[in-house]
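Below is one structure, written out as structure tokens; the observations come after it.
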DNA sequence: CATAAATTTGACAATAAATGACAAGTCAAT
DNA sequence: ATTGACTTGTCATTTATTGTCAAATTTATG
């Protein structure tokens with residue numbers, strides 16, 4: 001399954017030379033939870049994204065984008081109509097943006 | 001909120017001059033549930049899509065596509081990064097398709 | 001208008017899914 | 001063999017989804 005968010009924070013954490021223990025404590029979670037988030041077994045809650053961004057010194061938008069993309073992929077997992085559906089959805093997103101809905 | 005699936009089956013039902021009662025009974029649900037599905041308050045379960053297609057004499061893929069698109073939109077509801085996320089997801093879908101994953 | 005049929009809405013118990021916490025596990029370095 | 005870092009499994013609890021029923025509203029028809 002897709003795990004762009006988890007992969008990303010893991011890489012960022014390693015680049016920052018931080019241990020899971022150190023990151024986890026700042027986000028008030030235990031390391032097993034962080035491990036699962038990195039591994040894609042659990043998903044971070046939305047509020048935690050900002051915290052991750054802060055600790056890992058990266059733009060929150062970038063993480064949020066990956067986090068959202070993961071959920072999209074999850075919906076589409078194994079669907080042969082995935083591409084079609086995504087295109088329909090994209091149309092609507094664009095339409096809604098136009099309408100400032 | 002987005003409800004392409006519900007809108008579609010409602011239109012198809014009306015074109016077929018069927019009452020909710022008639023469609024609902026064939027799908028083994030009560031009319032209040034069908035009403036909610038048409039109105040986007042509840043979502044049809046995946047297995048029901050085929051049945052809808054049969055009763056409404058329409059291609060199941062078409063309905064499934066709308067149903068999937070609705071779920072994508074739901075994830076993206078209110079997100080200003082929606083478009084970006086959808087593009088990231090689209091890339092991955094295409095990539096996975098290539099890999100015949 | 002009156003009333004009957006069709007549809008929508010609200011509330012709620014039942015069911016299912018997600019979550020957090022903890023213990024136990026693996027793995028690598030020393 | 002011990003330690004530290006990380007992963008995995010389980011399970012009780014919380015949270016979300018579901019179906020059903022009754023009541024309310026809207027729509028069609030005499």
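Since every read-out is calculated from the coordinates, none of them should be taken as a lab result. If you're wondering where the values come from, they're calculated on a predicted model, not measured in any experiment. Note that we place each Cβ from the backbone using ideal geometry, even for glycine, and neighbour counts take in every protein chain shown.
Annotations for the structure displayed:
- Relative compactness, the protein assembly as shown, computed as alpha-carbon Rg over 2.2 N^0.38 Å: 1.21
- Cα-based Rg of chain A normalised by 2.2 N^0.38 Å, two decimals: 1.23
- Per-residue average of Cβ from other chains inside 10 Å of B:1-9: 1
- Neighbouring Cβ atoms from other chains, within 10 Å of the Cβ of residues in B:70-83, number 6 on average.
- Across identical copies of the chain, residue A:95 has label-point separations of 3.0 nm, listed in ascending order, with the point defined 7 angstrom from Cα along Cα→Cβ.
- Each other copy places its own label point for residue A:46 at 2.4 nm from this one, sorted shortest first, where the point lies 7 Å along the Cα-to-beta carbon line.
- Extending 7 Å from Cα along the Cβ direction at residue B:50 and again at residue A:59 yields two label points whose distance is 4.5 nm.
- Whole-number percent relative contact order across region B:25-101, with pairs defined as alpha carbons under 8 Å at least 6 apart: 16 percent
- Every helix of 4 or more DSSP H residues in chain A counts as -39500 (n - 2.57), and over all residues that averages to -22500 deg cm²/dmol at 222 nm.
- With its label point defined 7 Å out from Cα along the Cα-to-Cβ axis, residue B:11 lies at 4.2 nm from the matching points of the other copies, in increasing order.
- Each residue, residue A:42 and residue A:98, gets one label point 7 Å from its Cα in the Cβ direction; the gap between the two is 4.3 nm.
- Other protein chain Cβ atoms within 10 Å, averaged over every residue that makes up B:58-69: 4
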